[in-house]
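The values are calculated or read from the model by the stated rules, or taken from the named source; none is laboratory data. What you see is a predicted model; the values in this text were computed from it and never measured. Positions of Cβ are generated from backbone atoms using ideal geometry, with glycine treated the same way; all protein chains shown enter the neighbour counts.
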Amino acid sequence: MVETVTKVTVSLPKEMLAEVDALAAGQKRSAFFREAIEQRLAYERWFREQVAIGIEAADQGELISTADVKIDINEVLAGVGQAGKT
């Protein structure tokens, strides 16, 4: 199957384009941008799905209290503070 493509022009600051070229490392710019866009689209699909799941759970009354969220955040932050300590 032959894929139909459409060319798109993107304006970037020189510094950003230099960073793209450094990261692309031998890859064609178009391939680099295509991969980056594919990754962003995949993330956006995942994010929207997660939001829908959250809304559905909230509609069903499956909520977490503010107090429980604060406890979870404090536990995560305490763990981050301990990271690297031996």
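Every condition in (1) assigned to a helix (DSSP H, G or I); (2) modelled with pLDDT under 95 holds for L63 except the one numbered (1). Residues considered: E35, E75. Of these, the only one that is part of a helix (DSSP H, G or I), within 22 Å of the chain's Cα centre (by Cα) and not aromatic (F, W, Y) is E35.
Kindly provide the set of residues from region 14-30 that are in a loop (DSSP other than H, G, I, E, B) and surrounded by 12 or more Cβ atoms within 10 Å (Cβ to Cβ), ordered by number. Hit for region 14-30 is Q27, nothing else.
For (1) closer than 24 Å to T6 by Cβ; (2) surrounded by 10 or more Cβ atoms within 10 Å (Cβ to Cβ); (3) among the hydrophobic types (A, V, I, L, M, F, W, C), each residue gets a yes or a no:
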{"site": "Q39", "(1), (2), (3)": "yes, yes, no"}
{"site": "R45", "(1), (2), (3)": "yes, yes, no"}
{"site": "Q60", "(1), (2), (3)": "no, no, no"}
{"site": "A67", "(1), (2), (3)": "no, no, yes"}
{"site": "K70", "(1), (2), (3)": "no, yes, no"}
